[in-house]
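Structure, as structure tokens:
Laboratory data are not the source of any read-out in this text; all were calculated from the coordinates shown. Owing to the predicted nature of the structure, the values given are computational and were not obtained by experimental measurement. Using ideal geometry, Cβ is built from the backbone for each residue, glycine included, and neighbour counts are taken over all protein chains shown.
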Amino acid sequence: MTKVLEGIRVLDFGRYIAGPYCATLLGDMGAEVIRIEKIEGSEDRFLSPVTAQGDGALFLQLARNKLGMTLNPMLPEGRQIVQRLVATADVVVANLPPDTLVAMGLDYDSLQAVKPDIILTMISAFGRGGPYSNRVGFDGLGQAMSGAMFMSGTPEQPAKAYPPFIDFGTASLAAFGTMAALYERQRTGMGQVVEGSLFSTALTMMNGTAIEQAMIKRNRVATLNRSQTSAPADTFKTKDGWVLVQSVGGPLFKRWADLMGESHWLEDPRFKDDISRGDNGALISARLARWCSERTSAEVLAAMEAARLPAGPILSPQQVLDDPHIAAKGLFQATSYPGLDQPAPLMKTPVELSRTPGEIRQRPPTLGEHTDQIMQQLGYAAAEITNLRAKRVI
């Protein structure tokens, strides 16, 4: 089966999540991706280690479908290798500060001098052009500085979401931008810079709240898991666990009132529309909390499904692994890796194409696994490779 990005070569100089996952998505769609990391291994390789060698869980997720190469681009010989690599590439992905890009020869001017139609996908914390341009940052800063943390948790305790959704969102948008740039290059033959930032992604996700604040000065504060713009929409404790119920719109609210057997909710002006129900959501949540507390999670969810109300259990990581829907759809792909006692459950490409789907074709690389192979492709002789390794260039 022909892959969407077959024949495209991507150099992945990314670190942690936003850059690497952008390259991962491109690799899933058929691009040849070369992950380039430090001689001793880049820091993101070792987060949440799951092997005796220290390879981390996040690395296993983000390094599939990649060839692994170690390289020090700060040395003169390393810069020469970078130039040879760039000459063979279509896309360079880097989430590094601008001055580091220049030092490594990965700024756009340097890349264009080697490959005029190259596409540089840059990802940073705040993007270029503002007073925060040179600041470094991780996912949490995007959550903190966009209003997301302020509107999570409680007024007494802002809360950061556990999953780094700003990182993954930025990676996904950067992959979207990269594919758009590749499409445009087909028409014009010209490369360009694709730039994403954690801050821009976070502001995008919080834009509706910012618009509301700008227009009507609502001055919202956090209400933990309870929605402020519809109801019932909250988390509820059952006899044996927790569930989330999420209702939006009049028809769903009527279904809920029918489930409660209490039509008075439909006649009360405090609950006449979504925003009114959100404003008075504490009352609705209190009623549903009593109802849920008298039932098991299975009973609550069965009743919600019968009424066609969106609801689901709050699962632990182990319960996620045991979930029957995940198993039926085959969302995780069991992938072997050196040092693991059993295959790791890697989440497949999260967007499904009917004719040209993404796929996990090969396991993540061990440290520097394909360095010799890539160097030989670039024209280096065995003696040169041995000499460069002795100098710790590769």
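Here the sum of -39500 (n - 2.57) over DSSP H runs of 4 or more residues, divided by the residues of the chain, equals -11500 deg cm²/dmol at 222 nm, to the nearest 500.
The Cβ shell under 11 Å around Leu315 holds other residues with a net charge of -2, Lys and Arg each +1, Asp and Glu each -1. Structure remark: mean-square fluctuation, Gaussian network model of the chain, C-alpha springs under 10 Å; the largest value among Ala383, Ala87, Ala180 belongs to Ala383. Give the shape of the range 233-314 as rounded, prolate or oblate, defined through the alpha-carbon gyration tensor: a ≥ b ≥ c are the square roots of its eigenvalues, a/c under 1.5 means rounded, and otherwise the shape is prolate if a/b is larger than b/c and oblate if not. It comes out prolate by the Cα gyration axes. Multiplying the residue separation of Lys160 and Lys272 by 0.36 nm and subtracting their alpha-carbon distance yields 37.1 nm. By the count of neighbouring beta-carbon atoms within 10 Å, fewest first, Leu85, Leu62 end up ordered Leu85, Leu62.
When the chain is treated as a GNM with alpha-carbon contacts under 10 Å, the residue of Ser285, Ser316, Ser297 showing the greatest mean-square fluctuation is Ser316. Listing Arg45, Arg355, Arg9, Arg308 from fewest to most neighbouring C-beta atoms within 10 Å gives Arg355, Arg308, Arg9, Arg45.
For the residue pairs Lys3/Lys38; Lys3/Lys348; Lys3/Lys66; Lys38/Lys391; Lys217/Lys272, the alpha carbons lie more than 20 Å apart in Lys3/Lys38; Lys217/Lys272.
Normalising by residue count, the chain has a Cα convex hull of 182 Å³ per residue.
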